[in-house]
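Participant: Handing you a structure now.
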Amino acid sequence: MNGYERFMTALKRKQPDMIPIWELIIDPPVIEALYGKISLLDFVEKENLDGFTIFEDSNRKLIGDNTYTDEWNITWKMEPNGILYPYDGPIKTLSDLAKYSLPDADSEYLYKTLKEAVKRFKGEKAIVFIAHETFEYSHYLSGGMDKLFINYITAPDFVRELADMIWCYKSKAIRNALEVGADTIAVGDDYAGRIGPLMSPEHFREFILPYLKKAVDLTHEHGSYLIKHTDGNLWKIIDDIIDTGIDVLDPLEPLANMDIGKIKEKYGRKVCLAGNVDCTMILPMGTKEEVREAVKETIAKAAPGGGYIMASSNSIHPGVNPQNYKVMIETTRKYGRYPIDEKLIKEYKNKSYIDKFI
């Protein structure tokens, strides 16, 4: 099997020849530390990853000291690690919303990198395009999550109008990406922190879940698949998420009590799983042996029978030790061949590498 075949077989909850390796994000500092200033696409080829993720291209403009604005008129700040974070948004009131103009989701420059990826890797590696539903852009545009959550209570109609507007763009972006040649869609709105959802389950079901369902249905209508990425402890809302029909749940954060063995046992017939290798403690600061142990345990719990994609518990961010990421890849290739070794399963199925960090 090639990487594309391997990834898509696992995504369909079947058993490929070996576990596919993918990440939602591999940040440039890690790539540069390993290979110098090369592109993500070059890195994917050098490491022979089975799948990779492409973001929309952006027209961000520098407007001040480490401060940028984009097509949405969202203000971004550049952190010392080189990563941009949303700082402020243009829509605080219904009046702001009435005057706001959406960016054009049909702008060709948004899909430039995706087109390059399709030309280079189509049919060889799985090309994942990251879109969103409406939650993250609702708080980006509102100027903060706190403001959005207040509006859940004080201005619910405003929240719905804002989400409907965002979905007009995001639905077009999903369609366009699939037409350009993306193999699958990932939606990256994070719903939870380590102790539970960021909002009440009731507010989640009222304001967020309907748009996840729209994203799933739209992707399936186009003959493709949807990866749902969300950090945090999802136990209070996990049934709602899976019942939308998502194809993959990522990244299953062990420090947030998302035990991948329990999730595999309960939901493995409904959804492919991805992730679980801790990127908060193990990949940044762990020893190589600790990384190997985390990977072997993850394989033993999540991979038997298929339906698992190897990835970290969030991303390969600038704090990750590049050599530990290499060890993660190498260990997956050594122990991730099917059928998974029964001795490995027996040895690791009752272990919990994350316990020492909780």
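The values are calculated or read from the model by the stated rules, or taken from the named source; none is laboratory data. Just so it is clear, the structure is predicted and the values come from calculations on it, not from any experiment. Ideal geometry is used to build each Cβ from the backbone, glycine not excepted, and the neighbour counts take in all protein chains shown. All accessible areas refer to the heavy atoms of the entire protein, side chains included, with ligands and DNA or RNA removed. Shrake-Rupley method; radii C 1.70, N 1.55, O 1.52, S 1.80 Å.
Participant: Distance check, please: which entries in K170/K270; K170/K264; K115/K270; K262/K356; K262/K296; K122/K349 exceed 28 angstrom between their Cα atoms?
Facilitator: On the way: K170/K270 26 Å; K170/K264 30 Å; K115/K270 32 Å; K262/K356 19 Å; K262/K296 16 Å; K122/K349 36 Å.
Listed pairs above 28 Å: K170/K264; K115/K270; K122/K349.
Participant: With contacts defined as alpha carbon pairs under 8 Å and 6 or more residues apart, what's the relative contact order of the chain in percent?
Facilitator: So the answer I get is 20 percent.
Participant: Translational D (Stokes-Einstein, µm²/s) of the chain at 10 °C and 1.306 mPa s when Rh comes from the Kirkwood sum over C-alpha pairs?
Facilitator: Values: Rh = 20.8 Å.
Once the numbers are plugged in, D ends up at 76 µm²/s.
Participant: Might you report the magnitude of the Cβ-based charge dipole of the stretch 142-290 about its Cα centre, with Lys and Arg at +1 and Asp and Glu at -1, to the nearest 20 debye?
Facilitator: Numbers: 17 positive and 24 negative charges, 31 e Å.
Value, rounded to 20: 140 debye.
Participant: For K214, go through the aspartates and glutamates and keep the ones whose alpha-carbon is under 13 Å away, minus same-chain ones fewer than eight residues off.
Facilitator: Once the sequence-local aspartates and glutamates are set aside, what remains near K214 is E133, D164, D243.
Participant: On to the next question. Zone of E45 (label point 7 Å along Cα→Cβ, backbone N under 19 Å): which residues in the stretch 107-129?
Facilitator: Only 112-128 fall inside the zone, counting backbone N under 19 Å.
Participant: Over the chain, what percent of the accessible surface lies on carbon and sulfur atoms, probe 1.4 Å?
Facilitator: Working: 7460 of 15320 Å².
Carbon with sulfur: 49 percent of the solvent-accessible area.
Participant: Dipole of the stretch 91-241 (Lys/Arg Cβ +1, Asp/Glu Cβ -1, origin at the Cα centre): which of A155, L212, V128 lies farthest to the positive side?
Facilitator: Result: V128.
Participant: Also: Which links in K92/K213; K61/K119; K125/K326; K37/K228 stretch past 23 Å when you go from one Cα to the other? Can you show the working numbers first?
Facilitator: Numbers: K92/K213 26 Å; K61/K119 28 Å; K125/K326 19 Å; K37/K228 30 Å.
Pairs exceeding the cut-off: K92/K213; K61/K119; K37/K228.
Participant: Let me ask something else. Could you tell me the center-to-center distance, by alpha carbons, between the stretch 283-354 and the stretch 253-281 in angstrom?
Facilitator: 12
Participant: At 1.4 Å probe size, with every protein chain present, just tell me what the per residue accessible area of the chain comes to in Å². Intermediate values should be presented prior to the final figure.
Facilitator: On the way: 15320 Å² over 358 residues.
Value returned for the chain: 43 Å² of accessible area per residue.
Participant: 7 Å from Cα along Cα→Cβ at both Y85 and E330: what's the point-to-point distance in nm?
Facilitator: 3.3
Participant: Rounding to the nearest 20 debye, state how big the charge dipole of the chain is about its Cα centre with +1 on each Lys and Arg Cβ and -1 on each Asp and Glu Cβ. Please report the intermediate quantities before stating the final value.
Facilitator: Values: 46 positive and 55 negative charges, 210 e Å.
The dipole magnitude comes to about 1000 debye.
Participant: Along the stretch 248-254, what does the Karplus equation 6.51 cos²θ - 1.76 cosθ + 1.60 (θ = phi - 60°) give for ³J(HN,Hα), rounded to whole Hz, x for Gly and Pro?
Facilitator: Once θ is set to phi - 60°, the couplings for the stretch 248-254 become 9, 10, 9, x, 6, 7, x Hz.
Participant: Read phi for every residue in the stretch 268-284 and hand back ³J(HN,Hα) as whole Hz from Karplus 6.51 cos²θ - 1.76 cosθ + 1.60, θ = phi - 60°, with x for Gly and Pro.
Facilitator: With the stated coefficients, the stretch 268-284 comes to x, 7, 9, 8, 6, 10, 9, x, 4, 7, 4, 10, 9, 10, 5, 5, x Hz.
Participant: Still on this structure, please answer the following. Give the shape of the stretch 70-130 as rounded, prolate or oblate, defined through the alpha-carbon gyration tensor: a ≥ b ≥ c are the square roots of its eigenvalues, a/c under 1.5 means rounded, and otherwise the shape is prolate if a/b is larger than b/c and oblate if not.
Facilitator: On the way: a/c = 3.49, a/b = 1.71, b/c = 2.05.
Note, shape of the stretch 70-130 comes out oblate.
Participant: Continuing with this model, one more query. Mind checking which of M199, Y85, L344 is farthest towards the positive end of the chain's charge dipole, using Cβ charges of +1 (Lys, Arg) and -1 (Asp, Glu) about the Cα centre?
Facilitator: L344
Participant: Among residues other than N176 whose Cβ falls under 10 Å from its Cβ, what is the net charge (Lys/Arg +1, Asp/Glu -1)?
Facilitator: -2
Participant: What residue among Y109, Y137, I74 has its Cα farthest toward the positive end of the dipole of the stretch 37-172, where the charges are +1 on Lys, Arg and -1 on Asp, Glu, each on the Cβ?
Facilitator: Checked the options; the winner is Y109.
Participant: Residue by residue, what Karplus-based ³J(HN,Hα) values in Hz, rounded to whole numbers, does the stretch 40-57 have, using 6.51, -1.76 and 1.60 with θ = phi - 60° and x for Gly and Pro?
Facilitator: 3J(HN,Hα) across the stretch 40-57, in whole Hz: 4, 4, 5, 5, 4, 5, 4, 8, 6, 5, 7, x, 7, 10, 10, 9, 4, 6.
Participant: For the stretch 133-178, what does the convex hull of the Cα positions come to per residue, in cubic angstrom? Intermediate values should be presented prior to the final figure.
Facilitator: Working: hull volume 2.5 nm³, N = 46.
Spelled out: Cα convex hull of the stretch 133-178, divided by residues, is 54 Å³.
Participant: Between K37 and R160, how high is the FRET efficiency from 1/(1 + (r/R0)^6) when r is the Cβ-Cβ distance and R₀ = 35 Å? Nearest 0.05. Walk me through the numbers on the way to the answer.
Facilitator: Working: r = 44 Å, r/R0 = 1.27.
Rounded to the nearest 0.05, the efficiency is 0.20.
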